[in-house]
1. In Å², what does the accessible area per residue of segment 53-102 work out to with a 1.4 Å probe?
2. In the chain, which longest range has no trypsin sites (Lys or Arg not before Pro) that are both DSSP loop (not H, G, I, E or B) and surrounded by at most 11 other Cβ atoms within 10 Å?
3. Report the longest stretch of the chain that contains none of the chymotrypsin sites (Phe, Trp or Tyr not before Pro) sitting in a DSSP loop with at most 16 other Cβ atoms within 10 Å.
4. Please list 3J(HN,Hα) in residue order for segment 186-201, calculated via the Karplus relation 6.51 cos²θ - 1.76 cosθ + 1.60 where θ = phi - 60°; whole Hz, with x for glycine and proline.
5. Give, in nm to one decimal, the length gained when the segment between Ser94 and Ser13 is fully stretched (0.36 nm per residue of separation minus the Cα-Cα distance).
6. For the chain, what does the helix formula give at 222 nm: sum of -39500 (n - 2.57) over DSSP H segments with n ≥ 4, over the residue count, nearest 500 deg cm²/dmol?
7. What accessible surface, in Å², does a 1.4 Å probe find on Val10, ignoring ligands, DNA and RNA and rounding to the nearest 10?
8. On the protein heavy atoms, probe 1.4 angstrom, tell me the percent of accessible surface of the chain carried by carbon and sulfur.
Amino acid sequence: SENIFNRIAVTLSFSLGTLALPYSTLFYNYMPALLLCFCAFLLVENCVKHRSFSAFRLITTGFLLSSATITQYDTGIIGFCIAVYALFKMEKKSGLVYIALGALPPLLLLAAYNNACFGNPFTLGLSRLEASSDPRYNQLVKSGSLGLKLPSPRALLTILFQPGRGIFWLSPFLVFSLPGFVAFARKKETRATAAVFLAVV
């Protein structure tokens, strides 16, 4: 019963104590992409638990991660972390081929969409946002790779702690993730999982 209570407490805390709640009420792609990534991670964890990396589960994992990536491009980073974790846990590394096979259909769909809209399967819609009325946004999209750059310590502190906008300000519950990472990493059986979560963050 204690295990069930902990699961319910964590689920309610995440659902009501983080930005998951407001984003779930808006027509944004963040939550669907997060759900796809989380389901893929659960599939891999299930394979690890039962020591059985079946072709069906690996193909489904690849499909979910690829679907998340075409839903929100930067979740490709999360997908990469989960795929590396799966590779690390698999006895037969050839299982990565099944993940790649599962990832193929959504990527082909994206390529067909890009080709129909932009005349090139490798041209992403984000690269065509130069016509935005906000010049700061245009500059951001043109910098790095579609606006993605290496982390900045100053930006990290701002994202985490800025009053009124920082993640720990808006969702103070997430402060518990810091000692949680430490506790997770101390246990040998959960060390690899903790490394995945930390890599995603």
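1. Result: 52 Å² of accessible area for each residue.
2. It runs 93-148.
3. My reading of the result: 29-121 is the longest stretch.
4. Going residue by residue, I get 6, 7, 4, 6, 10, 5, 5, 5, 4, 5, 5, 4, 5, 5, 5, 4 Hz, with x marking Gly and Pro.
5. The Ser94-Ser13 span can extend by a further 25.3 nm.
6. Counting only the DSSP helices, I get -21500 deg cm²/dmol.
7. 90 Å²
8. 68 percent
The values are calculated or read from the model by the stated rules, or taken from the named source; none is laboratory data. Quantities reported herein were computed from a predicted structural model and do not represent experimental measurements. Counting neighbours? That spans all protein chains shown, and the Cβs are built from the backbone with ideal geometry, glycine included. These accessible areas exclude ligands, DNA and RNA; they are computed on the full protein's heavy atoms, side chains included. Shrake-Rupley method; radii C 1.70, N 1.55, O 1.52, S 1.80 Å.
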